[in-house]
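Structure first, then comments.
Bear in mind these aren't lab numbers, they're just calculated from the coordinates by the rules spelled out. The model shown is predicted, which means the values in this text are computed figures rather than measured ones. Because the Cβ atoms are built from the backbone with ideal geometry, glycine has one as well, and the counts that use them run over all protein chains shown.
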Amino acid sequence: MPQILYLSTLCSERMNEYLFKTGIEKPVQSAQKFHRLITKGIQKHTGANLKVLSAVPVVPSRHNRVFWIEPNEIEDGVRYGYIPMLNIKIVKNISVFISCFIKVLLWCLKNTGKKRILITDVLNLTTSAAAILACKITFTKTIGILTDMPGLMVTTDKNSLGKIVEQINSFLIARMSGFVFLTEQMNYAINKKNRPYIIMEGLVDANMINSQNDLSQKYKEKVVIYAGGLYEKYGVKKLIEGFIKLKDKNTALHLYGEGPMVKDIEKYSNLDNRIRFGGMVPNEIVVEEQIKATLLVNPRPSNEEFTKYSFPSKNMEYMVSGTPVVTTPLPGMPKEYNKYVYVFQDESEHGICSTLNYILSQSSKTLHDFGGAAKQFVLDEKNNLKQAARIVDLAYKLVYS
């Protein structure tokens, strides 16, 4: 079994809780959960052969602490190491690059003579650049995980600097030994040299098999939940305006997350008291709320270019909760999911209203059974142990080829 270094912004749960309590803005929980599920799965298959190296996800505008030198730690059997840095504008990226290069180089040298591989979130430009350089020097194989297409992310700057970043990202991606993509369309667009790859649209926590979705614990009113980035481009505005058209007063729309639409949501909630904003909260609270809800919704427009290359992690989290899901017909969603989710065939405000009205008119048992079938499907086919095993198999093939 090869030695594996997993490089990303993943922190231990202890560190994540610290960032949540002390940060000016809260860390993005979807990325933490995604990488945590992968590393926990890999650890179950490889044991002590796995080490996680983390670039703590802070920037000067989001956290006041300047000096970051953290000790190694072990949590749930996973070994964490942290990249030292100075959290000062411009200086931060330089310090991360240098520290990351040294950390990865030392790990590669320590494991000289052993089969070894780096798995990295290749869209993190600073850490991936440093790590790829260290790996090239030491002839270490690399796997890049791509959760978005460079240049198509909602948060990507469209100015000249953004284009330069996109070009550097593409340069780094082309130097990976193998890939983990979310959709087959990503492979067609990125993997020009036909490097080994797997498609992993997402994964769910295998431990959710122990979580019960009980009708008696549901909200008395019909609660629809959206949890994720609060961007108009993600369909959030149409969702809200479609919901407002619902005449049923025994319904509520709960929104969780952060983004530029927060102020708009506050205005909408003043106009319609059925709309409630929960803000950015720890993932375990979001999961608890999803289990108590009637319906979980993903309104991401299917005609946007970026949807070909993405599979929202929220869809997986939604499905494993056991609460039914309604989503747009995303191009990157494999057909095997179709019988386990409701679909917005009309993505206009009127269409969203009509679909919500139809679903919410179903009996509680019908909805509960539908959600239960979706939960069983993702637990059987997409759990983090099964998906991590596929990544380990890819790593094995690369280092022993």
How big is region 208-381 along each principal axis, measuring the range of its Cα positions in Å and listing the largest first? 41, 38, 31
Pop a pseudo-label 7 angstrom from the Cα along the beta-carbon direction at both ALA189 and ASP272 and give the gap in nm to one decimal. 3.2
Answer label for Cα extents along the principal axes in Å (calculated), chosen among (i) 69, 57, 42; (ii) 91, 44, 39; (iii) 66, 42, 38: (iii)
Net charge near SER401: determine it from the other residues with C-beta under 13 Å of the C-beta of SER401, scoring Lys and Arg +1 and Asp and Glu -1. +3
Could you put MET319, MET333 in order, starting from the residue whose Cβ has the fewest other Cβ atoms within 10 Å? MET333, MET319
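What is the gain in length, in nm to one decimal, between ILE244 and ALA48 on full extension, counting 0.36 nm per residue of separation less the C-alpha to C-alpha distance?
Net length gain for the segment: 65.3 nm.
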With a 10 Å cut-off between alpha carbons and a GNM built on the chain, which of GLY242, GLY81, GLY259 moves the most? GLY259
Can you sort PHE67, PHE277, PHE344, PHE101 so the residue with the fewest Cβ neighbours within 10 Å comes first? PHE67, PHE277, PHE101, PHE344
For helix 384-400, what angle does its Cα long axis make with the longest principal axis of the chain, in degrees from 0 to 90 and rounded to 10? 30
For TYR6, the residues 5 or more places away or on another chain with a placed amide H closer than 5 Å to its own amide H are LYS51, VAL52, LEU53, ILE119
Tabulate in residue order the Karplus-calculated ³J(HN,Hα) for region 354-367, using 6.51 cos²θ - 1.76 cosθ + 1.60 with θ = phi - 60°, rounded to whole Hz; enter x for Gly and Pro. 5, 5, 4, 4, 5, 5, 6, 7, 6, 5, 4, 5, 4, 5
Tell me, LEU385, LEU255, LEU7 in order of fewest to most beta-carbon neighbours within 10 Å? LEU385, LEU255, LEU7
So which trypsin sites (Lys or Arg not before Pro) in region 229-332 are both in a DSSP loop and have at most 15 other Cβ atoms within 10 Å of their Cβ? LYS245, LYS247, LYS249
What length, rounded to one decimal in nm, is gained on full extension from ASN338 through to TYR358, with 0.36 nm per residue of separation minus their alpha-carbon distance? 5.5 nm
Would you mind checking the tilt of helix 91-110 against the longest principal axis of the Cα atoms of the chain, expressed as 0 to 90 degrees and rounded to 10? 60
Most positive-pole-ward Cα, LEU330, SER170, THR112, against dipole of the chain from beta carbon charges: THR112
Tell me, what is the FRET efficiency for ILE168 and ARG62 to the nearest 0.05, using R0 = 22 angstrom and their Cβ-Cβ distance as r? 0.45
Antiparallel content of DSSP bridges confined to region 32-175, in %, to 5: 35
Using the alpha-carbon atoms, what tilt in degrees (0 to 90, nearest 10) does helix 13-22 show relative to the longest principal axis of the chain? 70
Residue separation between PHE20 and GLN345 times 0.36 nm, minus their alpha-carbon distance, gives in nm 113.2 nm
So for region 140-289, using the alpha carbon gyration tensor with a ≥ b ≥ c as root eigenvalues (a/c under 1.5 gives rounded; past that, a/b versus b/c decides prolate or oblate), I'd call it oblate
Given bins 10 angstrom wide, list per bin the percent of all Cα-Cα distances in region 25-162, short to long. 10, 37, 40, 11, 1
